[in-house]
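The structure appears below as structure tokens.
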């Protein structure tokens, strides 16, 4: 069950990445912010060349061509070593080829550069779950909830982590909270 949830989260993350640009265009100043921020807000000083290679890396990832994704994301990071989103996306590509320790290292670096980067926290927590390090996963998901209490993803995956370690009451509480968030208009 946990492996199925993790696979579903991975596919969902890819879906979110594909739709992020469309959502950014649709957002107006009065709209609610997205439930999950896939990319940190664009910074004025982002290196255009690094962004180009990051975008190529994302395109390759969406085609499940993780090796070419990693090559392009490496270039983005080489150009801009402080590009948190490039580390996050390279971590996702490493996850796609089951290099979990490298993925965790990249998600950690992304979080060092941007401690409130929600998707990097979610991604790292999922990697910890894949390694059956549920306590570290719970820690990341809890931090994600502290950053954004309306992000149902964090409650969902934390519930699964609690379930995996036999904390059924805590899992039920998180599942209930997730349903409350999803039922809001």
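Every read-out reported here was derived from the displayed coordinates using simple, explicitly stated rules and does not represent laboratory data. Fair warning: this is a prediction, and the values are worked out from it, not measured in the lab. Every residue, glycine as well, gets a Cβ built from its backbone with ideal geometry; the counts of neighbours run over all protein chains shown.
Observations on the structure shown:
- Some residue of segment 144-152 being over 28 Å from residue 46 (Cα atoms) and surrounded by 17 or more Cβ atoms within 10 Å (Cβ to Cβ): yes
- Complete set of residues in segment 106-117 that are in contact with a helix residue (DSSP H, G or I) (Cβ under 8 Å, 6 or more places away or on another chain) and surrounded by fewer than 24 Cβ atoms within 10 Å (Cβ to Cβ): 108, 109, 111, 113, 114, 116
- Being in a helix (DSSP H, G or I), closer than 24 Å to residue 152 by Cα and touching a helix residue (DSSP H, G or I) at 6+ places or on another chain (Cβ under 7 Å) holds for only one residue in 103, 86, 69, and it is 103.
- Single residue of segment 72-83 satisfying the filter (in a loop (DSSP other than H, G, I, E, B) and in contact (Cβ under 8 Å) with a residue 24 or more places away in the chain) that is surrounded by the fewest Cβ atoms within 10 Å (Cβ to Cβ): 82
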